[in-house]
Amino acid sequence: NYDSIKHYKNVIIKRNISNISDYMLQADLIFTSAGRTVYEVASIGTPAVVLGQNKREMTHFFASEEYGFSNLGLGFEVSDEELMIEFLRLVNSFESRKQMSGLMKKQDLKSGRKRVHKLIQDLIQD
């Protein structure tokens with residue numbers, strides 16, 4: 001619904017961004033779907049509200065409170081009021097955002113390739 005929000009003066013909409021991670025690093029809070037982006041978000045530790053795009057995305061276990069995300073479920077089922085309440089809760093609670101970031105950073109996603117390589121090497125050697 002780009003046309004419904006493009007007229008707000010305090011809203012800047014970026015489209016077709018090739019360097020989205022630069023914006024993620026600068027953000028205090030991210031709204032995202034439950035796809036691969038949650039891993040990118042977790043690797044930098046920026047608190048995020050997850051709104052699934054479809055039922056398949058809701059099966060992705062990583063986009064959960066356990067890993068530092070606020071998952072509100074399927075986006076089209078979340079009311080404006082629910083979304084605003086969660087947004088205000090997080091904006092007004094630095095502690096909550098700090099805790100979310102800490103849970104994300106505990107996952108050590110940045111060394112995933114090395115871990116997988118080591119697991120394969122260990123299997124080959126056995």
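The values are calculated or read from the model by the stated rules, or taken from the named source; none is laboratory data. A quick note: this is a predicted structure, and the numbers were derived from the prediction, not measured. Note that each Cβ is placed from the backbone with ideal geometry, even for glycine, and that neighbours are counted across all protein chains shown. SASA here: full protein model, heavy atoms, side chains in, ligands and nucleic acids out. Shrake-Rupley method; radii C 1.70, N 1.55, O 1.52, S 1.80 Å.
Some points to look at:
- The mean accessible area for residues of the chain, using a 1.4 Å probe and ignoring ligands and nucleic acids, is 76 Å² per residue.
- Helical contribution to [θ] at 222 nm, DSSP H n ≥ 4, -39,500 (n - 2.57), averaged over the chain, rounded to 500: -13000 deg cm²/dmol
- Size descriptors for the chain (Cα atoms only): Rg and Dmax, in that order, 16.8, 62 Å.
- Contact order relative to length of region 12-126, as percent, for alpha carbon pairs under 8 angstrom and 6 or more apart: 24 percent
- Cα-Cα P(r), region 52-126, percent of pairs per 5 Å interval: 3, 13, 16, 16, 18, 12, 8, 6, 4, 3, 1, 0
- Annotation note: trypsin sites (Lys or Arg not before Pro) in region 1-57 located in DSSP loop regions with a Cβ neighbour count of at most 14 within 10 Å are LYS6, LYS9, LYS14, ARG15, ARG36, LYS55.
- Listed by chain and number, the aspartates and glutamates whose C-alpha is less than 16 Å from the C-alpha of LYS14, apart from same-chain residues fewer than 8 away, are ASP3, ASP22.
- On the chain, 52 percent of the accessible area sits on carbon and sulfur atoms, based on a 1.4 Å probe.
- Packing-based ranking, highest mean first, of 86-93, 42-49 given that Cβ atoms within 10 Å are counted: 42-49, 86-93
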